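**Student:** Before we start, here is the structure in question, set down as structure tokens.
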Amino acid sequence: MTSDIPFYIVDALIRTCGYENVTDVTRWFTHSSTGLRIPLTVDEIARCEMLNQWVYAGMRDAISALKPGVSEVEISGKLGYDGRVPLSCHIVVSFGDNVSLALNSPTNKRLKLDDQLSVALGV
């Protein structure tokens, strides 16, 4: 199957739903004449690119700082969110037992070597 989304997402969908139940519907959104995509102005495209680079840099810094003993709060600080733009989702940084809490805000919980973790930021 070919897809425009990362394979790890496709793979997770196939393992969860079964190959026969997964279909690439990219054309629904991106087809040049029948797609549901919303045309963007040059300024909107530039803004999206800038925000994508900002989120990438924050995630890169946060992931690079992960090591046993670091706290959720310390990692959330590495994301670089300063309030200049509204978020499309709640910032999530959680380790261990906190991973199962859906909208948990970062705490002083410290990362242990065998912990699961979750880091998310969206603009």
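The values are calculated or read from the model by the stated rules, or taken from the named source; none is laboratory data. These numbers come from a predicted model, not from an experiment. A quick note on method: Cβ atoms are made from the backbone with ideal geometry, for glycine too, and the neighbour counts reach across all protein chains shown.
**Student:** May I ask you to list the residues in the stretch 103-123 that are at pLDDT 90 or above, surrounded by 15 or more Cβ atoms within 10 Å (Cβ to Cβ) and among the aliphatic types (A, V, I, L, M)?
**Tutor:** Within the stretch 103-123, L111 is the sole residue that qualifies.
**Student:** A further question follows. Taking the condition surrounded by fewer than 11 Cβ atoms within 10 Å (Cβ to Cβ) and among the polar types (S, T, N, Q), does S100 pass?
**Tutor:** Judged against the criteria, S100 is a match.
**Student:** State whether the residues of the stretch 12-25 include one that is within 23 Å of L121 (Cα to Cα) and either touching a Lys or Arg at 6+ places or on another chain (Cβ under 6 Å) or not assigned by TED's automatic domain parsing to the domain that holds C89 (or both).
**Tutor:** Yes; the residues of the stretch 12-25 include at least one that is within 23 Å of L121 (Cα to Cα) and either touching a Lys or Arg at 6+ places or on another chain (Cβ under 6 Å) or not assigned by TED's automatic domain parsing to the domain that holds C89 (or both).
**Student:** Looking at V93, V99 in this structure, which one is in the same structural domain as M59 (by TED's automatic domain parsing), more than 28 Å from M50 (Cβ to Cβ) and of a type outside the set (S, T, N, Q)?
**Tutor:** V99
**Student:** For the stretch 78-96, which residues satisfy the criterion of being loosely packed, with under 13 Cβ neighbours inside 10 Å and either free of Cβ contacts under 8 Å to residues at least 12 places away in the same chain or at positive phi (or both)?
**Tutor:** Selection gives D82, G83, R84.
So that you can scan it fast, the table gives a plain yes or no per residue for (1) at pLDDT 90 or above; (2) within 22 Å of C89 (Cα to Cα):
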site	(1), (2)
D11	yes, no
G18	yes, no
N21	yes, no
D24	no, no
I38	no, yes
I45	no, yes
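**Student:** If you scan the stretch 51-82, which residues turn out to be among the polar types (S, T, N, Q) and farther than 24 Å from L113 by Cα?
**Tutor:** N52, Q53
**Student:** Can you tell me which residue in the stretch 20-77 is farthest from N108 (Cα to Cα), limited to those that are surrounded by 11 or more Cβ atoms within 10 Å (Cβ to Cβ) and among the acidic types (D, E)?
**Tutor:** D24
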